[in-house]
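Read the figures in this text as sums done on the coordinates, not as results from a lab. It should be emphasised that the depicted structure is a prediction, and the values quoted were computed from it without experimental measurement. Reconstructed Cβ throughout: ideal geometry from the backbone, glycine too, with neighbour counts over all protein chains shown.
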Amino acid sequence: MAVGNRHGFCHAPLCPQLPFRGSSIWLLLLGWLFSVISLPVAASETGSDCQLQHPLVLAHHFGARPICPAHWSVAECQRREPDAIDRYCADWDPANGCARWQLPENEKHLPPRQTNPFDQHLTRGDALAGYHRYFSRHIVDRLEGCGNAVFLADMPAYASYHNRARSLRNTVHQALAATGAERVILLGLSQGAQDARYLAAALPVDDKDPSQGKMTDKVAALVTLAGERAGAESASLLLNALWVSSVVLGVGWDDMEAGAAVWEREGGMAQARDLLWKDQRVPGDSPPLVLIEDADPYDPLEYDLSTEAMYQGFIHSVSQLSRRYMQGKPDWQLNSWQALREYLGMEERSWEELVPAAAEHCNGIRYFSYGARVRFWDTSQWDDGLAFYLIRTLYGPNDGYVTVRSQRLDLVGLSGCPNPGDGGFEHVQTLSGS
């Protein structure tokens, strides 16, 4: 399968136009779909072979991808996104490209959404129509066509695992309430894999009522698609670039001007504003920008976000996706990592402190991973292929964003569980494309 058109799954911070995960996510999702019957915890005793016992909750990747990014020429937009132009562009200007993007009615329920399902006062602007959906309608239709109840999270595009998992928890509660089920199956794509793992192992059911227990009891199984068990190499490269620009050449991690060029490569402030919620309860032309439903109105990193708060959210996502964070190994001097943590307000030093191994070991949840490997890159997209070839040279086989090895949950390093019902980690399949 050629990997030339991503159909809008931008979650690669090093290069927001990496083409792999849009079209090849079909390989991952459909490969997973047709093999779920082999997962005994998931397969339904009645219905079709791909119908599951529990509702599905899908957790999406880092960031979002504009259909035609600003740095593309009109010709490049036409060459790389002809299907999206036909489907979503309501006003095409041959000289300047699409003047107005518009979502069809049958896709308005797909995230990123214009209205928050948990707080109708939180909305996003019309510019959102110019972004690809996190999961395409065809993928959702295929899953629902098997008889599955499918729920799609709409988490902050750039935020910590903790804040993204808080939003994911709302979708899990929604799924349980709507179906009457006791547990769900979590399916996490890229950063969504770690969001799901954190939710399942560490989050309480209710932050204000510890007596309700943990979300562990609400999850039957967790499936990761191209997750970053050992960190994403592309995020590490990006974080190193931010370190050079901000710390070495600038005055520190808070030197937003020095790090602006790297941020802009992922869309910068314009994209961050498009993807944040706007609180319509506040009158005026510039309503407060809000990170998440249930945001703390007194926390400047959650409510009425400044430009610097948006920048911090971006770096927080990138830093937690890095090898340094996921493996607890320094990519540069430890004092620089400490300074970064202080700037971001990050309490933990690494993933192990956020999600201790004991919290996932034989906790009653079965963990399955699917990976993907790109063998060759479309040379007409040389800029996108640069990350792929660099990661392959430095670290090994990868999907343009993260190595195959990092995608494997069977390498978590925990011993097996005495009984299948106790949980455990299994890598099901690595799919390969070009």
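Structure data summary
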| quantity | calculated |
| --- | --- |
| Mean-position separation - Cα centroids, the stretch 281-298 and the stretch 115-151, in angstrom | 22 |
| Unit Cα scatterers, Debye sum, the stretch 233-351: log10 I(q)/I(0) for q = 0.15, 0.21 Å⁻¹ | -0.69, -1.19 |
| Amide hydrogen neighbours beyond the local backbone of G400, cut-off 5 Å, H modeled | V374 |
| Given charges at beta-carbon only (K, R positive; D, E negative), |dipole| of the chain in Debye | 1080 |
| q = 0.14, 0.21, 0.28, 0.32 Å⁻¹, the stretch 105-152: log10 I(q)/I(0) [Debye, one scatterer per Cα] | -0.38, -0.77, -1.09, -1.23 |
| Beta bridges by DSSP in the chain, antiparallel share as percent, to the nearest 5 | 35 |
| Dmax and Rg, reported as Rg then Dmax, of the stretch 96-201 (C-alpha, Å) | 14.7, 52 |
| Relative contact order (percent, whole number), the chain, Cα cutoff 8 Å, 6+ residue spacing | 18 |
| Cα-based equivalent ellipsoid, the chain: semi-axes from gyration tensor eigenvalues, Å | 29, 26, 24 |
| Which of V223, V412, V251 has the fewest Cβ neighbours within 10 Å, and the rest in rising order | V251, V412, V223 |
| Whole-Hz ³J(HN,Hα) from phi, Karplus 6.51 cos²θ - 1.76 cosθ + 1.60, for the stretch 170-175, glycine and proline x | 4, 5, 4, 4, 4, 5 |
| Over the stretch 148-270, volume per residue of the alpha carbon convex hull, in Å³ | 139 |
| Relative packing of peptides 165-178, 316-329 - highest average C-beta neighbours within 10 Å first | 316-329, 165-178 |
| Charge-dipole axis of the chain as Lys and Arg at +1 and Asp and Glu at -1 on Cβ define it, positive-most pick from I139, N240, L301 | I139 |
| Among 287-293, 105-111, 128-134, 388-394, the order from most to least packed when residues are scored by Cβ within 10 Å on average | 128-134, 287-293, 388-394, 105-111 |
| Extreme residue, positive dipole direction of the chain, given options C50, C89, S336 (C-beta unit charges) | C50 |
| Sorted by Cβ density within 10 Å, fewest first, the residues T224, T216, T307 | T307, T216, T224 |
| Sorted by Cβ neighbour density within 10 Å, fewest at the top, the residues F135, F118 | F118, F135 |
| Total charge dipole magnitude, the stretch 211-308, about the Cα centre, Cβ charges on Lys, Arg, Asp, Glu only, Debye to nearest 20 | 400 |
